[in-house]
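Comments concern the structure below.
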Amino acid sequence: MNQQRAVSLIYFLIPPTVALVVSMYLFSSFLFPPKEQPVNFFVDSPPPPSVNPNISSERIKLNVWLDLDFTKDASLFDELAQEFEQAYPQIDVRLSSFVRESMARRVRHAVSTGDSPDVVQGHVYALAGQGLVEPLDQRVEAWNPRLRNEFLPVAWREAMWQNNLYGIPVDVYTVVLFYNRVHFDEAKLPYPSANNSLYDILKAAQTLTDPQKKRYGVGLTTDPWYFYTWLTAAGSEVVNGNPEAGFNLTLNTQSNVEVVNFLQDMVDKGYSPLPSSRPRDYEEARDLFLQQKLSIYFGETQDIHFMQIHDSKFPLGVTTLPRTLAGNSATSVLGTTALFIPRGSPHADAAFEFIKWASDERYVRHMARRLGRYPARTWLYTSPEVTKNPLLTPFFEHLDDAHAYRLDLFLDAEDAFVDALRLSFYHLEEPSTALRRAQIIGQFSMKEALQWTPKSKK
């Protein structure tokens, strides 16, 4: 029975005054339907962490800086902050989100001006190397001396600098190869596999490219972390060394020049669109892949979740990256973020308490289910919802041997490298010349990079 007929019958069956009241209620419920009750995603989760009675009762504002990719389309951290505030009513959690590429410079500026936030999410290895992070060894030892046993070793190492712990790992990911199964079927090509080389990818891209359909074989980017994937596939590097022995910049090696020439040639022949060179232009390649205008895309593990959310019927195939030119097994790039306390945090005790909550099992499992961001926990290797997903198998195959990215230790050198890639793709300079200039700029800047000391607040 529709709303209008129901109201008409009311006037015939009950007194006019009562009918008016009832009809007003029905119309109001039609025009202003009751709000949906918020979903309690944590109903089947472990209870929240216990309250720490040693946290000061003084009212404070806790400033938390998060990676925008974790918050822009999800409310998980808002829900976490709400529960944390219920446990600690004296703490007002202020969440701010930034793109990950900007986080290092934001932290550096905040620390140098004496205006540090309390908690930050980022690549803590690089930031600790620049003297921007408070060590957590004593705090973790007092909280849980065996905590490192709960985390994947590759992620735990990325939270350390010179044998000191500076952050608690949040997630872990690698770059894998995405392909469109339908495109390969139509071209009668075998699906990519770990047996492929870079040259096999080139041949496939050539066959899959179809100008009439405005379709490219493969997508490229000038983002340095993503581009590093192509270099590792060629057995090349951008930085060698370690904190104890020192670091050496290797931007203009012959192998790096050859990789840039190789990819530049793919663009020139029309097998790949010209990267826009805008910040985060890897998202443009991902969008073209999702629109089926690309056949091959090098993406992160969480892109699987992104694509399935946006198009559940997308003919997605995922495999490991191509093997190196030397014939070695495929290698990938390791990605991981951690939560840490920047130097000068005004509320370090409350900040560490928030980090403990954010890394608790109550929340990290939902990070995997709702965001496609996989926690850096040892149970990843045994969790059926992860291990039985064939699309995630390449992620595990790459995880233990993935190369850690180190160029973000030296931000000016990283910028110079990106400029060299742009100049090369747009034929403004030869790759050898552009990379040689980047090497000179980088070497000059990195002399001071790891001796930088933030100014104390006046």
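Helix 254-268 sits at what angle to the longest principal axis of the chain, using alpha carbons and giving 0 to 90 degrees rounded to 10? In the chain, helix 254-268 runs at an angle near 60 degrees to the longest axis. Along the chain, counting only GluC sites (Glu not before Pro) with a DSSP assignment other than H, G, I, E or B and at most 10 other Cβ atoms inside a 10 Å radius, the longest segment between sites is 245-458. Among Val239, Val107, Val182, a tally of other beta-carbon atoms within 10 Å of each Cβ gives an order, fewest to most, of Val182, Val239, Val107.
Filter Lys269/Lys388; Lys214/Lys388; Lys72/Lys188; Lys356/Lys388 down to the pairs with a C-alpha to C-alpha distance above 31 Å, please.
Where the Cα-Cα span goes over 31 Å, the pairs concerned are Lys269/Lys388; Lys214/Lys388; Lys72/Lys188.
Between the amide H of Leu294 and those of Tyr216, Phe289, distances stay under 5 Å, these residues lying 5 or more places away or on another chain, with hydrogens modeled in the peptide plane.
Divided by 2.2 N^0.38 Å, where N counts the residues, the Cα radius of gyration of region 151-257 comes to 1.43. Between region 198-266 and region 401-436, what is the C-alpha centre distance in whole Å? Centre-to-centre (Cα) distance: 11 Å.
Computed from backbone phi, the HN-Hα couplings of region 123-136 come to 7, 5, 4, 5, 6, 5, x, 9, x, 9, 10, 7, x, 10 Hz, rounded to whole numbers (Karplus: 6.51 cos²θ - 1.76 cosθ + 1.60, θ = phi - 60°; Gly and Pro given as x).
Mean projected area of the convex hull spanned by the Cα atoms of region 118-212, taken over all viewing directions: 10.5 nm². Annotation for region 384-424: trypsin sites (Lys or Arg not before Pro) lying in DSSP loop with at most 13 further Cβ atoms inside 10 Å of their Cβ are Lys388. Across region 371-377, coupling constants 3J(HN,Hα) worked out from phi with the 6.51/-1.76/1.60 Karplus curve, θ = phi - 60°, read 10, x, 9, 8, x, 7, 10 Hz, and Gly and Pro carry x. Here r is the Cβ-Cβ distance between Tyr426 and Glu361 and R0 is 35 Å; the resulting FRET efficiency, rounded to 0.05, is 0.15. Ordered by the count of other Cβ atoms within 10 Å of each Cβ, fewest first, Ile440, Ile309 give Ile309, Ile440.
Among 265-271, 316-322, 131-137, how do they line up from the highest to the lowest mean number of other beta-carbon atoms within 10 Å?
Top to bottom by mean Cβ count within 10 Å: 316-322, 131-137, 265-271.
Across the chain, the relative contact order, built from alpha-carbon pairs under 8 Å that are at least six residues apart, equals 24 percent. Sorted fewest first by neighbouring Cβ atoms within 10 angstrom, Ser432, Ser332, Ser45 come out as Ser45, Ser432, Ser332. Between the Cα long axis of helix 224-233 and the first principal axis of the chain there is an angle of about 50°, rounded to the nearest 10. Ellipticity at 222 nm from helices only: DSSP H runs of n ≥ 4 in the chain, each -39500 (n - 2.57), divided by the residue count, give -13000 deg cm²/dmol.
How long is the gain from Ser193 to Ser277 if the chain were fully straight, where each residue apart is worth 0.36 nm and the alpha carbon distance is subtracted? Working shown, then result.
Working: separation 84, 0.36 × 84 = 30.24 nm, distance 2.89 nm.
That works out to 27.4 nm of additional length.
For region 137-142, backbone phi angles converted through the Karplus equation (6.51, -1.76, 1.60; θ = phi - 60°) give residue-by-residue couplings of 3, 5, 5, 5, 4, 6 Hz, Gly and Pro being listed as x. How would region 252-384 be classified by its alpha-carbon gyration tensor: rounded, prolate or oblate, with rounded meaning a/c under 1.5 and the a/b versus b/c comparison settling the rest? The shape class here is prolate. Over region 222-307, Cα pairs under 8 Å with separation of 6+ residues give a relative contact order of 26 percent.
Restricting everything to alpha-carbon atoms, can you work out Rg to Rh for the chain with a Kirkwood hydrodynamic radius?
Reported Rg/Rh (Cα atoms, Kirkwood Rh): 1.06.
Coordinate-derived values only; no laboratory data. The shown structure was predicted, so the numbers you read here are calculated from the model rather than taken from an experiment. Backbone-built Cβ (ideal geometry, glycine too); neighbour counts: all protein chains shown.
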